[in-house]
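> So that we are looking at the same thing, I have put the structure below in C-alpha cells.
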Amino acid sequence: MCSIANKREGARHAKARYNGSKMRLKTPSEIAAMRRAGEVVAVTLRTMAAAIVPNQTTTLELDEIAAAVLKRYDAKAPLYGYKPSFSDVPYMHNTCISVNDEVIHGVPDARRVLREGDLVSLDMDASVDGWCADATITVPVGKVSGKAKKLLQATREALQMGIAQARPGNTIGDVGYTVQRHVEKNGFSVVREMVGHGIGRMPHEPGLDVPNWGKPGEGQIIQVGMTFCIEPMVNAGKPEIAHVHGDPWTIVSADGSLACHFEHTIAITENGPVILTLPPKD
C-alpha cells in the first residue's frame with residue numbers, strides 16, 4: 001500500500017520529499033519481529049494467487065481468503081477500518097485488489113469476476129505483535145497477452161534491481177533511478193504520484209518516501225536499521241493516473257493502459273538489504 005506524493009511535486013522536486021525528517025531506525029530484534037509479519041503477508045498472497053480460477057473467482061472471495069489466513073496466524077489487517085482524510089467512510093476490507101488498468105487501491109467486490117487474460121494486483125499489509133509488513137504481487141489470470149507478460153517481467157525485475165541498490169551509503173535516488181531506468185528501457189512508464197514508504201509500527205511510517213524515479217546520489221542516505229517498502233507501480237502506457245468517479249480509493253491509468261505493481265518490505269543491514277516479505281523457509 002503506497003503513499004501519495006504531493007501533487008505539486010514533479011520528478012525534479014522529489015529530492016525535497018525524501019530529504020525530510022529521519023525515520024526511526026530499527027534494532028535487529030525489531031527487524032526480526034517485522035519479518036514474522038512479512039512471512040504472514042507472503043503466505044497470504046501466495047494463498048490468494050493459488051485460489052484464482054479464471055472466469056469464476058471474484059475479488060471479494062480473494063479478500064475473504066486473506067482474512068482467513070490472517071486469522072490463522074493471529075495477525076491483523078491494518079488496512080481494515082482505515083479512514084484517511086479523503087474518504088467519508090472507512091475502508092472495510094483486508095486487501096486492495098486491482099485489475100488491468102487499476103494501478104492501486106482497487107476495492108474487493110463480489111461483482112468483480114476475474115476473467116481469462118486479466119492482470120490482478122494483490123496488495124496487503126499484516127500486523128503481528130504490533131509490527132507491520134507490506135507487499136504486493138501482480139499475477140496473470142490464465143493466459144495473458146505478450147505485452148502483459150513483458151509488463152509483469154519488467155516490473156518484477158525493476159523491483160529486484162531497486163532492492164539491490166538499497167545498500168548502506170547509497171541514496172533513495174539510487175533506488176528510484178534504477179527502477180525508472182529499467183522500466184523505461186522496456187517501453188513502460190513509472191507512476192509518479194505514488195511512492196514507496198517507511199514502515200514499522202505503522203504501515204506508513206513518517207520520515208521517508210521512496211519514489212520510483214530519481215537521480216543517482218540524490219535524496220536521503222540509506223542507513224543500517226531503515227525499514228521501508230519499494231514498490232514500482234508501472235503503466236504500459238503513459239504515467240498519468242486518475243481516480244474512478246465516485247470511488248475515493250481506486251486509481252487507474254489515465255489512458256486506460258494495463259498497470260502492474262510489485263512490492264516488498266525490506267530492512268537495511270550492514271550486509272545490505274534483506275527482504276522481509278518472503279515465505280518462511282521449509
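Values in this text are rule-based calculations from the coordinates and carry no lab data. Note that the coordinates shown come from a computational prediction; the quantities given were computed from them, not determined experimentally. Here the Cβ positions follow ideal geometry from the backbone for every residue, glycine too, while neighbour counts run over all protein chains shown.
> Classify segment 14-104 as rounded, prolate or oblate, taking a ≥ b ≥ c as the square roots of the eigenvalues of its Cα gyration tensor: rounded when a/c is under 1.5, otherwise prolate if a/b is larger than b/c and oblate if not. Can you show the working numbers first?
Values: a/c = 1.92, a/b = 1.34, b/c = 1.43.
Oblate, because a/c is 1.5 or more while a/b does not exceed b/c.
> Okay, moving on. Which residue, 254, 207, 59, has the largest displacement toward the positive end of the dipole of the chain when charges sit on each Cβ (Lys, Arg +1; Asp, Glu -1)?
Going by the charge dipole, the pick is 207.
> Would you pull out the residues with amide H under 5 Å of residue 57's amide H, same chain only if 5 or more places away, H placed 1.01 Å from N?
114
> Now for a different question. Where in segment 74-180 are there GluC sites (Glu not before Pro) that are in a DSSP coil and have at most 12 other Cβ atoms within 10 angstrom of their Cβ?
116
> Could you pull out every one of the aspartates and glutamates with an alpha carbon less than 19 Å from that of residue 71, ignoring same-chain neighbours closer than 8 positions?
Once the sequence-local aspartates and glutamates are set aside, what remains near residue 71 is 39, 61, 63, 123, 125, 129, 134.
> Say the cut-off is 30 Å between C-alpha atoms; which of 22/147; 150/215; 185/281; 76/150; 143/215 go over it?
Values: 22/147 40 Å; 150/215 25 Å; 185/281 34 Å; 76/150 34 Å; 143/215 37 Å.
Flagged as over cut-off: 22/147; 185/281; 76/150; 143/215.
> At most 11 other Cβ atoms within 10 Å and a DSSP loop assignment: could you name the chymotrypsin sites (Phe, Trp or Tyr not before Pro) in segment 84-151 that fit? Mind dumping the intermediate values first?
Values: sites: 86, 91, 131; in loops: 86.
Passing both the DSSP loop test and the Cβ count: 86.
> In debye, nearest 20: dipole of segment 164-282 around its Cα centre with unit charges on the Cβ of K, R (+) and D, E (-)?
240
> Relative to the present Cα-Cα distance, how much length would full extension add between residue 71 and residue 269 at 0.36 nm per residue of separation? It would help to have the intermediate numbers written out before the result.
Values: separation 198, 0.36 × 198 = 71.28 nm, distance 3.07 nm.
Value of the extension gain: 68.2 nm.
> What dipole magnitude, in Debye to the nearest 20, does segment 3-275 give about its Cα centre under +1 on Lys/Arg Cβ and -1 on Asp/Glu Cβ?
On the way: 30 positive and 30 negative charges, 114 e Å.
In total the dipole reaches around 540 debye.
> Let me ask something additional. Please list, in order along segment 101-108, the HN-Hα scalar couplings obtained from phi with the Karplus expression 6.51 cos²θ - 1.76 cosθ + 1.60 (θ = phi - 60°), rounded to whole Hz, x for Gly and Pro.
7, 7, 6, 8, 6, x, 8, x
> If one computes the Cα centroid of segment 61-101 and of segment 224-238, what distance in Å separates the two points?
If we compute the Cα centre of each part, the gap is 20 Å.
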